[in-house]
Amino acid sequence: MSDVSDYYGTMRTVSAREASRGFSALLDRVYFNAEEILIERDGSPVALITPPPLKDSVEDFNDWLMERGPSIATADDDMQDIIDETRELLTLPEPAWSS
């Protein structure tokens with residue numbers, strides 16, 4: 001495993017062979033550390049493993065907040081402020097390769 005800095009930005013890189021032998025460990029790094037891992041075959045990039053966007057998690061959290069409404073906030077305006085601040089905190093920047 002090495003670090004690479006080029007078109008993909010700085011991220012961990014592994015060979016396809018390393019990835020196949022340690023796939024579970026790679027998934028743990030992505031899941032627990034939010035790492036992005038570039039998989040290469042013969043020195044060329046073939047796949048990128050990234051954590052999923054937090055959008056669903058934020059929406060689920062917003063739903064959870066809305067279900068509890070008055071028990072968490074005293075008014076609808078307060079609830080909306082909490083939701084807006086939470087969205088700002090949990091929103092990830094767009095990855096470099098999406099544009």
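The table below gives the values:
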| item | result |
| --- | --- |
| Scan of the stretch 32-42 for residues that are outside any strand (DSSP E or B) and within 15 Å of residue 11 (Cα to Cα), ordered by number | 33, 34, 35, 36 |
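So that you can scan it fast, the table gives a plain yes or no per residue for (1) at pLDDT 90 or above; (2) surrounded by 10 or more Cβ atoms within 10 Å (Cβ to Cβ):
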| residue | (1), (2) |
| --- | --- |
| 3 | no, no |
| 13 | yes, yes |
| 16 | yes, yes |
| 21 | yes, yes |
| 24 | yes, no |
| 57 | no, yes |
| 65 | no, yes |
| 68 | no, yes |
| 98 | no, no |
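The values are calculated or read from the model by the stated rules, or taken from the named source; none is laboratory data. A quick note: this is a predicted structure, and the numbers were derived from the prediction, not measured. Glycine also receives a Cβ, built like all others from the backbone with ideal geometry; neighbour counts cover every protein chain displayed.
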